[in-house]
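Derivation of every value follows stated rules applied to the coordinates shown; laboratory data play no part. All values reported here derive from a predicted model rather than from experimental measurement. Glycine gets a Cβ as well: all are built from the backbone with ideal geometry, and neighbour counts include every protein chain shown.
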Amino acid sequence: MDVLNDLITVLNSTLRLSTPLLLACLAGLFSERAGIFDIGLEGKMLCAAFFSAAVATVHIPWIAPTGSVWVGMAAGIFAALTLSALHGIASITFRGNQLISGVAINFLATGMTVLIAQSWFKQGGRTPSLKGNGRFNPVELPFAESLKDVPVFGPIYHGLISGHTILVYIALLMVPLTWWMLYRTRFGLRLRAVGEAPEAVDTAGVSVMQLRFAAVGICGVLCGIAGAYLATGLQAGFVKDMTAGRGYIALAALIFAKWRPWYALMACILFGFLQAIALRPDLIEAYLSFKVQVQLLDVLPYILTVIILAGFVGKATPPRAGGEPYVKEQ
Amino acid sequence: MQKIPQWADVVLVPLISLLLATIISALVILAIGQDPVEAVKLMVIGALGSTYGWGYTLYYATNFIFTGLAVSVAFHAKLFNIGGEGQAMIGGLGVAIAALYIPWPHWSIALLACTCSAAVFGALWGYLPAILQAKRGSHIVITTIMLNFIAAGLLNYILVNVLRPPKSMDPATATFPPATHLPTLHDILLPLGMNFSRTAPANITLLIALLAAVFVWLLIWRTRLGYSIRSFGQSGSAAQYAGINPVKITVITMLISGGLAGMMSINTTMGEAERLILNAPEGAGFIGIAVALMGRSHPLGVVLASLLFGFLYQGGAELAMWMAIPRELIVVIQALVILFTGALDNMVRMPIEAFFSALRKSGDAK
């Protein structure tokens with residue numbers, strides 16, 4: 001029975017660690033499907049993580065006497081949207097280099113979060129720990145407690161499926177929603193078209209700029225939720241550089257998934273699983289009876305991405321107009 | 001006809017970008033409740049007011065010259081090498097192996113050998129993304145980002161499990177033998193009658209960095225290869241019709257770029273720490289992007305921009321020590337420079353273009 005318990009423990013943390021990756025990956029999916037490369041996912045998440053934690057510590061009389069995580073998340077989304085707007089202005093309005101803009105946004109977020117955190121809280125670039133309503137608390141699904149003792153199904157339902165924060169479930173729901181938006185709505189069709197052949201969209205009388213700004217905006221909202229989850233769901237407060245490369249892993253997952261929503265879910269769960277087992281080297285040793293280097297597990301997502309990019313496991317072709325600013329015909 | 005005169009392109013555009021970055025940085029300092037004028041004074045005194053300050057400024061500048069040149073060379077072929085950080089880390093491994101395992105008789109020979117070793121290791125780390133881009137079309141920006149993380153993991157593994165001396169808890173190599181000790185600016189300038197600070201880490205690597213800048217200038221503007229690199233960067237298809245092999249140019253450019261980034265590690269590893277530590281480049285690989293953009297990918301521009309960033313780095317350390325301004329202010333300034341000189345280049349350029357075309361029109365009217 002121990003095997004089942006261990007498996008549930010690892011899969012439970014897989015689910016929790018996959019959530020920020022999944023949200024950021026879907027964020028990147030919207031942006032890149034519309035032809036705007038975004039290597040600034042990391043920065044947007046970091047910025048959102050800081051502002052959501054910082055604002056969630058604020059005690060608002062009457063509305064949120066002990067601080068509110070929802071108000072915090074709204075602030076986080078707003079912060080990520082601000083950076084998205086910057087990316088949009090640089091790469092859509094002024095037709096700048098999208099990659100360079102992304103690099104700038106990442107550094108801006110790294111620097112600004114610590115500067116502001118130090119100036120507001122004076123705790124070495126972190127926010128105070130969040131308590132009570134200041135963070136997202138686990139949601140108990142119906143009957144989780146009473147079904148706990150049912151063999152096999154009980155522990156899985158109680159220990160794995162139930163008991164996560166609401167954002168985990170929202171992230172999972174975002175996958176079918178993204179799929180539906182992209183493949184079953186007019187907006188989605190146009191969004192995909194603008195990433196492949198913007199001139200065709202333009203000829204059809206639809207604004208390329210508006211579509212791309214919309215995509216970059218959705219990307220900002222999702223990055224905002226991802227950041228809020230990091231600081232107020234996964235952990236209880238912001239610490240310096242807390243995204244720790246997750247934005248780049250999300251980017252790797254996006255390539256791994258070849259820019260498709262359901263595959264993005266699978267890639268993020270795979271990478272989340274790698275992070276989860278890296279936290280439990282004792283379990284790997286117990287089951288595989290040899291030691292796996294933690295450093296190897298840490299870099300495995302990146303190695304897998306390079307292999308995918310090398311085209312050894314099918315070809316990863318990005319949207320055709322990706323990275324190219326659109327110049328309207330005169 | 002050019003839209004704006006060359007002097008405006010080379011001097012005016014970067015200066016306006018820099019001015020914008022400075023204004024916003026000053027606003028940021030104000031917003032966190034500090035005095036920007038006081039901060040600038042402190043930075044100037046701290047970074048340029050003593051030979052000690054200069055020693056650090058030049059030490060940092062040496063790093064940035066190498067990484068800035070690395071990014072510039074790649075830019076000329078329209079390749080965006082974000083992998084300078086990883087290439088510098090792996091270059092450090094090359095330095096450590098050469099310095100630790102061969103008993104060098106004199107520092108000059110050791111320096112030569114370690115430089116070559118650093119360049120080869122860095123170049124190898126640049127080769128991988130180059131060949132993947134050239135042969136399989138994998139985007140070099142993504143692969144170099146991934147390889148930065150892989151380099152960090154690899155170095156971590158090697159330092160902890162292979163090169164760490166027994167009984168040591170630090171993830172670092174043993175200290176290099178004394179024969180590999182490089183002369184500092186103090187040692188070099190003393191015979192010339194100048195008493196440069198003894199404790200500052202600036203060393204002879206600075207001269208190698210300047211030589212590298214001259215080498216890059218010669219390479220890009222005075223050789224056949226440089227011409228091929230530039231024409232490939234201007235138009236890949238036109239270069240191909242002219243008989244330039246895109247695979248070859250991509251690979252050679254990235255080998256040179258990676259080699260230059262790798263050579264940065266002589267300064268940090270051999271010149272300063274005298275052993276290989278984790279994260280020796282400390283972000284210099286990324287600052288290379290800001291330096292290359294600001295220096296317009298020209299070696300002279302890169303050297304000047306490196307001096308500026310060396311000043312900012314050393315000044316920033318002083319700010320963190322004497323005022324309540326964290327070092328991260330430098331990261332913000334770096335981001336703003338990348339933003340204005342790189343991504344928002346058109347925003348700065350468009351009004352200048354409008355101004356000059358208006359000037360021309362009024363000139364024609366007379």
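Do you know the relative contact order of chain A, to the nearest whole percent, from alpha carbon pairs under 8 angstrom that are 6+ apart?
Numbers: 609 pairs, mean separation 111.5, N = 330.
About 34 percent, as a whole number.
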Task: Nearest 10 degrees, 0 to 90: helix A:98-121 Cα axis against chain A principal axis - done: 50 degrees
Task: Exposed chymotrypsin sites (Phe, Trp or Tyr not before Pro) absent - longest run of chain A, DSSP non-H/G/I/E/B, at most 10 other C-beta within 10 Å - done: A:63-289
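Per the Kirkwood formula on distinct C-alpha pairs, the Rh of region B:1-120 is how many angstrom?
Numbers: mean 1/r = 0.0542 Å⁻¹.
It works out to 18.5 Å.
How long is the gain from A:GLN210 to A:TRP180 if the chain were fully straight, where each residue apart is worth 0.36 nm and the alpha carbon distance is subtracted? Walk me through the intermediate numbers first.
Details: separation 30, 0.36 × 30 = 10.80 nm, distance 2.06 nm.
Fully extending the segment from A:GLN210 to A:TRP180 adds 8.7 nm.
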- [ ] For each of A:CYS25, A:CYS219, count neighbouring Cβ atoms within 10 Å of the residue's Cβ, then give the residues from fewest to most.
- [x] A:CYS219, A:CYS25
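What is the gain in length, in nm to one decimal, between B:SER237 and B:SER362 on full extension, counting 0.36 nm per residue of separation less the C-alpha to C-alpha distance? Intermediate results must be reported in sequence, preceding the final value.
Working: separation 125, 0.36 × 125 = 45.00 nm, distance 3.94 nm.
Between B:SER237 and B:SER362, full extension yields an extra 41.1 nm.
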- [ ] Using a cut-off of under 19 Å, list every residue of region B:276-304 whose amide N is near the label point 7 Å from the Cα of B:ASP170 along the Cα-to-beta-carbon line.
- [x] B:276-283
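Which helices, counted as full DSSP H runs in chain B, have an axial Cα extent of no less than 18 Å and a Kyte-Doolittle average of -1.0 or above? Kindly include the intermediate steps, with their values, before the conclusion.
Details: long enough: B:13-31 (27 Å, 2.67); B:51-76 (36 Å, 0.64); B:84-101 (25 Å, 1.09); B:107-136 (42 Å, 1.10); B:140-158 (26 Å, 1.91); B:205-222 (24 Å, 2.30); B:246-265 (29 Å, 1.36); B:299-322 (34 Å, 1.29); B:345-365 (30 Å, -0.15).
Membrane-span-like by this criterion, though nothing is claimed about a membrane: B:13-31, B:51-76, B:84-101, B:107-136, B:140-158, B:205-222, B:246-265, B:299-322, B:345-365.
Please go through the residue pairs A:LYS258/A:LYS291; A:LYS240/A:LYS291; B:LYS78/B:LYS248; A:LYS44/A:LYS240; A:LYS291/B:LYS167 and name each one whose alpha carbons sit more than 25 Å apart in this structure. Can you show the working numbers first?
Working: A:LYS258/A:LYS291 32 Å; A:LYS240/A:LYS291 31 Å; B:LYS78/B:LYS248 14 Å; A:LYS44/A:LYS240 14 Å; A:LYS291/B:LYS167 22 Å.
Among A:LYS258/A:LYS291; A:LYS240/A:LYS291; B:LYS78/B:LYS248; A:LYS44/A:LYS240; A:LYS291/B:LYS167, the Cα-Cα distance tops 25 Å for A:LYS258/A:LYS291; A:LYS240/A:LYS291.
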Task: Förster-model FRET efficiency, 45 Å R0, A:MET266 and A:GLN123, C-beta, rounded to 0.05 - done: 0.70
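What is region B:61-312's relative contact order, in percent, from Cα pairs under 8 angstrom and six or more apart in sequence? Can you show the working numbers first?
Details: 482 pairs, mean separation 106.6, N = 252.
Computed value for region B:61-312: 42 percent relative contact order.
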Task: Distance between modelled label sites at A:GLU324 and A:GLU140, nm, 7 Å Cα→Cβ extension - done: 5.7 nm
TODO: Go through B:ILE109, B:LEU219, B:GLY236 and say which Cα lies farthest out towards the positive end of the charge dipole of region B:61-312; charges sit on Cβ, +1 for Lys and Arg, -1 for Asp and Glu.
DONE: B:GLY236
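In debye, nearest 20, what is the charge dipole magnitude of region B:61-312 about its Cα centre with +1 on Lys and Arg Cβ and -1 on Asp and Glu Cβ, if you could check?
With only Lys, Arg, Asp and Glu charged at Cβ, the dipole is about 680 debye.
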Task: the protein assembly as shown, helix-only ellipticity at 222 nm - DSSP H runs n ≥ 4, -39,500 (n - 2.57), divided by all residues, nearest 500 - done: -22000 deg cm²/dmol
Task: Under 15 Å from the Cα of B:LYS41 - aspartates and glutamates, other chains or at least 8 residues apart - done: B:GLU318
Task: Calculated over region B:61-312: convex hull of Cα atoms, volume per residue (Å³) - done: 127 Å³
TODO: Order by neighbour count: A:LYS328, B:LYS248, B:LYS78, A:LYS44, fewest other Cβ atoms within 10 Å first, most last.
DONE: A:LYS328, B:LYS248, B:LYS78, A:LYS44
- [ ] Would you mind checking which residues have amide H under 5 Å from A:PHE136's amide H? H placed 1.01 Å from N; only 5 or more apart, or other chain.
- [x] A:GLY233
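In whole percent, what relative contact order does region A:28-155 give with Cα contacts below 8 Å and a gap of six or more residues? Spell out each step's value before the answer.
On the way: 158 pairs, mean separation 35.2, N = 128.
With pairs under 8 Å counted, the relative contact order is 27 percent.
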Open item on the list: Residue by residue through B:318-328, how many Cβ atoms from other chains fall within 10 Å of the Cβ on average?
Closed with: 3
Open item on the list: Which of B:ALA88, B:ALA174, B:ALA305 ends up with the largest GNM mean-square fluctuation for chain B, with Cα atoms connected below 10 Å?
Closed with: B:ALA174
Task: 3J(HN,Hα) from dihedral phi, region B:182-196, Karplus parametrisation 6.51/-1.76/1.60, rounded to Hz, x for glycine, proline - done: 8, x, 8, 4, 4, 5, 6, 8, 4, x, 8, x, 10, 9, 7
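Taking the Cα centre of the protein assembly as shown as the origin, how large is its charge dipole in debye, to the nearest 20, when only Lys and Arg (+1) and Asp and Glu (-1) carry charge on their Cβ atoms?
Numbers: 42 positive and 31 negative charges, 277 e Å.
I would put it at about 1340 debye.
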Open item on the list: Report the rotationally averaged projected area of the protein assembly as shown based on its alpha-carbon convex hull, in square nanometres.
Closed with: 36.9 nm²
Open item on the list: I'd like the distance between the alpha-carbon centres of region B:228-273 and region B:33-48, rounded to an integer number of Å.
Closed with: 38 Å
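What is the mean number of Cβ atoms from other protein chains located within 10 Å of the Cβ atom of each residue in peptide A:273-286, rounded to a whole number?
Partner-chain Cβ atoms within 10 Å, mean over residues of A:273-286: 0.
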